[in-house]
Every structure is written in C-alpha cells, then in structure tokens.
Amino acid sequence: MQQLTLVPRLMPAVRCGEKTSTIRWQEGHITIGPLRLVNQQDENDAVIVSVTQVDTLRLSEVAAMLGKQEKWPDEVLLEGMREHYPEIRLSSEVQLITHLTPAETLQKLPE
C-alpha cells in the first residue's frame, strides 16, 4: 500500500475529517486508491484513507484550487511549505492529493 508521513500535529485533523488533502513535492507519485498516512514521529500512529484525486500543478495554483486564497496567500503558503521542503518555490510542480476521511474510507471497504 502506498504511504506518506505526516507531521504529528496534522494527525488529529485527518482523523476527524477536517483535513482531506495534502500537498507533496518530490516524494514519489501517489495514485488513486488506498493510502496509509503515518505520523512521522510514531509509525504505530497511522490511518488509512482513500485517495480520490491527484492533481499536478504549480504550488502557486494550490490555494485557488482549494478555495483558500484568503487563508493561504502566496507568502503564507510558501512559508508553510518551506518548513517541510526548504528549497520549494511557488513555481515548483507539486502533487495535490485529495482523499476521503478515514470514516468514509472504512464505509467504502468491501465486507
């Protein structure tokens, strides 16, 4: 199963369904289907979600795609992303990975 790590502070937002997307740069290609999201500080802390869409676009286009232009102006988005990827630029091509919540994913699983 494909897998990505998340910073610990984001795990609760994924679990409750508040966070249903992630932006990745140069971390390999994610595809539609099951995805294991793992706390990068505790590999036993993980959730399974179902990826529903993967878009490749410039970082500068992500906020508009998510309808978060006011919350994430270019400078704010770039600063946040540089915490994880110090060399990233607004012109960098990223993957915007959209997924179901863990609860929605469980409902989709065959019995």
Members of region 16-30 that are open to solvent by less than 40 Å² (accessible area, probe 1.4 Å) and among the basic types (Lys, Arg): 24
Filter result (of a type in the set (Lys, Arg), open to solvent by 100 Å² or more (accessible area, probe 1.4 Å) and without any contact (Cβ under 8 Å) to a residue 12 or more places away in the chain) within region 68-111: 71, 82
Complete set of residues in region 12-42 that are at pLDDT 95 or above and of a type in the set (Asp, Glu): 18, 42
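Output the number of residues of region 55-67 satisfying the condition of being open to solvent by less than 40 Å² (accessible area, probe 1.4 Å) and among the aliphatic types (A, V, I, L, M).
Of the residues in that region, 4 qualify.
Residues are listed down the side, and each one gets a yes or a no for (1) among the hydrophobic types (A, V, I, L, M, F, W, C); (2) within 13 Å of the chain's Cα centre (by Cα):
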site	(1), (2)
27	no, yes
34	no, no
55	no, yes
72	yes, no
78	yes, no
83	no, no
88	yes, no
108	no, no
Which numbered condition residue 43 misses (of (1) within 19 Å of residue 9 (Cβ to Cβ); (2) surrounded by 13 or more Cβ atoms within 10 Å (Cβ to Cβ)): (2)
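The values are calculated or read from the model by the stated rules, or taken from the named source; none is laboratory data. This is a predicted model, so every value here is computed, not measured. All Cβ positions, even for glycine, are placed from backbone atoms using ideal geometry, and neighbour counts span all protein chains on display. Side chains are part of the model used for accessible areas, which takes the heavy atoms of the whole protein and leaves out ligands, DNA and RNA. Shrake-Rupley method; radii C 1.70, N 1.55, O 1.52, S 1.80 Å.
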